[in-house]
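Contents: one structure, followed by commentary.
The values are calculated or read from the model by the stated rules, or taken from the named source; none is laboratory data. Keep in mind that what you see is a predicted model, and the values were worked out from it rather than measured. Neighbour counts are summed over all protein chains in view; Cβ atoms, including those assigned to glycine, are modelled from backbone coordinates with ideal geometry.
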């Protein structure tokens, strides 16, 4: 039986949360505003986590996966990547500093969608496609439907996919091992980018 995992599709305007716990799975959409500043964002994120994860229910949730834009994808995207990185950092801080969840893994978009290039233990949740959000919605609707849980939007669908990816990975690797795989993937992406440039 898989332990509960919290998945976070981080963004400023509309963040998707998924507490993946079998038939007790919950989805949330949280709207934030960057103009209010970091402290306001942290407060709002903590409040959202408190509503989803009351302290008396935290004992079973051992890990969280927060989507994060990698530097190799951020280059050249200016404010978009900066905003996504800011949102991801806020959510990662909120989970790590407040929630009591022991392990938090910040996961680049490409990593959970496409898996690891040279490591079969890191699965792809979406795979190569021109419509990753559409496929995330289809997958979430299909797999959550058995429990009567329906994602309200693509943010909640991707949060589910992120949480499910976290469950699958942790059956095979520890987060420390996963970070080493990710470091190798990022080095290879940077190397390929330098060759193109």
Could you check the range 146-170 and list, in sequence order, the residues that are surrounded by fewer than 13 Cβ atoms within 10 Å (Cβ to Cβ) and either at pLDDT below 90 or touching a strand residue (DSSP E or B) at 6+ places or on another chain (Cβ under 7 Å) (or both)? 147, 152
In the range 23-52, the residues that are in a loop (DSSP other than H, G, I, E, B), out of contact with any helix residue (DSSP H, G or I) (no Cβ under 6 Å at 6 or more places or on another chain) and modelled with pLDDT under 80: 33, 37
Tally time: how many residues in the range 185-197 are within 14 Å of residue 108 (Cβ to Cβ) and either in a loop (DSSP other than H, G, I, E, B) or in contact with a strand residue (DSSP E or B) (Cβ under 8 Å, 6 or more places away or on another chain) (or both)? 2
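Identify, from the list 138, 122, the residue that is closer than 18 Å to residue 167 by Cβ and either surrounded by 20 or more Cβ atoms within 10 Å (Cβ to Cβ) or free of Cβ contacts under 8 Å to residues at least 24 places away in the same chain (or both).
From the options 138, 122, the qualifying one is 122.
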Name, by its number, the condition in (1) modelled with pLDDT of 90 or more; (2) surrounded by 12 or more Cβ atoms within 10 Å (Cβ to Cβ) that does not hold for residue 188. (1)
Of the residues 128, 132, 102, 70, which is under 15 Å from residue 7 (Cα atoms) and either touching a helix residue (DSSP H, G or I) at 6+ places or on another chain (Cβ under 7 Å) or modelled with pLDDT of 70 or more (or both)? 102
Residue 109 being under 21 Å from residue 11 (Cβ atoms), under 15 Å from the mean Cα position of the chain (by Cα) and crowded, with 18+ Cβ neighbours inside 10 Å: yes
When every residue in the range 73-99 that is under 13 Å from the mean Cα position of the chain (by Cα) and at pLDDT below 75 is compared, the one nearest to residue 181 (Cα to Cα) is 85
